[in-house]
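Q: This structure is in structure tokens; I'll ask about it shortly.
The values are calculated or read from the model by the stated rules, or taken from the named source; none is laboratory data. Keep in mind the model is a prediction, meaning the values are calculated, not measured. As a convention, Cβ positions derive from the backbone with ideal geometry for all residues, glycine included, and neighbour counts pool all protein chains shown.
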Amino acid sequence: MENFFVFAGVAILALMIPIIYRILVGPTAIDRIVAVNVIGTKTTVLLIVIGMLYERVGMFVDFALTYALLNFVGSLAAAKFFDRVNPAKSFSTMKAEEPQE
Amino acid sequence: MIINTICIFLVSCGLIFFIGGAVGIIRFPDFYTRMHAAGKGDTCSMILILTGLSLYILHEPTTANFLVVGKILFIALFIMSTSPTSTHALIKAGFEEGIKMWKREDEKEGQE
């Protein structure tokens, strides 16, 4: 069972590498934010697997909880920032809606 | 023994879903489709892996282990509610920024 947890941890870690490609290449900024969000979820799971390996899950589960909270707050803050940072775009959509009325 | 088998099965299923999410994030042509792969695959595989691990921890049913399992299930519940929320917020930000949706080649030709 120990070997299986090592395998699961290494597999999760290996699956982060193709997502790092998306962070480096991603055509838009929001692509990169999504990739970081996915890696954060993977890290939450990986922390618990590491806790199983060290047989101190009680400690690592708190780290995982904190990481999940920070991940959520971070991606929401990024989304809010991208909503507000583009006043020209939102102004143009407002102008586009006017002729309909 | 039976619990070990169930745990291995659940964690393997979660890893398969993680592989699907990673392939989707790399291969899909569009920002919106990539977001779809990221949100769905991640949430499902996370729930499967955490359920398998908490079943393995319940191998020795003591009070401390019950507390740990409660925390792990809370993490699963938390990510299950927050991952769609952040995906929705990011898609809204991207939509208002004006990212174009992907279309098939013949549909593009038909429009032109």
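Q: Looking at (1) within 7 Å of chain B (Cβ to nearest Cβ); (2) over 27 Å from B:Gly98 (Cβ atoms); (3) touching a residue at least 24 places away in the same chain (Cβ under 8 Å), can you tell me which one A:Ile30 breaks?
A: Result: A:Ile30 fails condition (2) only.
Q: Of the residues B:Leu67, B:Leu55, B:Leu48, B:Leu73, which is crowded, with 20+ Cβ neighbours inside 10 Å, in contact with a helix residue (DSSP H, G or I) (Cβ under 9 Å, 6 or more places away or on another chain) and at pLDDT 90 or above?
A: Unique residue meeting the criteria: B:Leu48.
Q: In addition: Any residue in region B:87-108 that's within 7 Å of chain A (Cβ to nearest Cβ) and more than 11 Å from B:Phe31 (Cα to Cα): show its pairings with residues that are surrounded by 13 or more Cβ atoms within 10 Å (Cβ to Cβ) and aromatic (Phe, Trp, Tyr) at Cβ separation under 7 Å, as long as the two are six or more apart or on different chains.
A: Correct list of pairs: B:Ala93/A:Phe82; B:Glu97/A:Phe82.
Q: Take the residues of region B:1-45 that are aromatic (Phe, Trp, Tyr) and surrounded by fewer than 19 Cβ atoms within 10 Å (Cβ to Cβ): which is nearest to A:Gly9 (Cα to Cα)?
A: Only one residue fits best here, namely B:Phe9.
Q: Output the number of the condition that A:Leu47 fails; it satisfies all remaining conditions of (1) at the interface with another protein chain (Cβ under 9 Å from one of its Cβ atoms); (2) assigned to a helix (DSSP H, G or I).
A: The one condition A:Leu47 does not meet is (1).
Q: Which one of B:Lys100, B:Lys92, B:Lys71 is more than 16 Å from the chain's Cα centre (by Cα) and in a loop (DSSP other than H, G, I, E, B)?
A: Values: B:Lys92 fails: in a loop (DSSP other than H, G, I, E, B); B:Lys71 fails: in a loop (DSSP other than H, G, I, E, B).
One residue alone meets the criteria, B:Lys100.
Q: Follow-up. Determine, yes or no, whether B:Pro61 is touching a Ser or Thr at 6+ places or on another chain (Cβ under 8 Å) and surrounded by fewer than 16 Cβ atoms within 10 Å (Cβ to Cβ).
A: no
Q: Can you name the residue in region B:44-68 that is assigned to a helix (DSSP H, G or I) and hydroxyl-bearing (Ser, Thr, Tyr) and is also farthest from B:Phe9 (Cα to Cα) among such residues?
A: Step by step, filter region B:44-68, then rank; the result is B:Thr63.
Q: Of the conditions (1) farther than 28 Å from A:Ala14 by Cα; (2) within 8 Å of chain A (Cβ to nearest Cβ), B:Phe74 clears all except one; give me its number.
A: So B:Phe74 meets the others, but not (1).
Q: Please identify the pairs in which a residue from region A:1-15 that is touching a residue at least 24 places away in the same chain (Cβ under 8 Å) and buried (at least 18 other Cβ atoms within 10 Å of the Cβ) has its Cβ atom under 6 Å from the Cβ atom of a residue that is among the basic types (Lys, Arg) and part of a helix (DSSP H, G or I), counting only partners at least 6 apart or on another chain.
A: Going by the 6 Å Cβ cut-off, the qualifying pairs are A:Ile12/A:Lys42.
Q: If A:Val73 passes every condition in (1) modelled with pLDDT under 90; (2) within 12 Å of the chain's Cα centre (by Cα); (3) β-branched (Val, Ile, Thr) but one, which one does it miss?
A: Among (1) modelled with pLDDT under 90; (2) within 12 Å of the chain's Cα centre (by Cα); (3) β-branched (Val, Ile, Thr), A:Val73 violates only (1).
Q: Can you tell me how many residues within region B:25-71 are more than 10 Å from every other protein chain (Cβ to nearest Cβ), farther than 24 Å from A:Ile17 by Cβ and among the polar types (S, T, N, Q)?
A: Number satisfying all stated conditions: 3.
Q: Turning to a different aspect of this structure: Which of the residues spanning region A:50-72 are surrounded by fewer than 16 Cβ atoms within 10 Å (Cβ to Cβ), out of contact with any Phe, Trp or Tyr (no Cβ under 9 Å at 6 or more places or on another chain) and facing chain B (nearest Cβ under 9 Å)?
A: A:Gly58, A:Asp62
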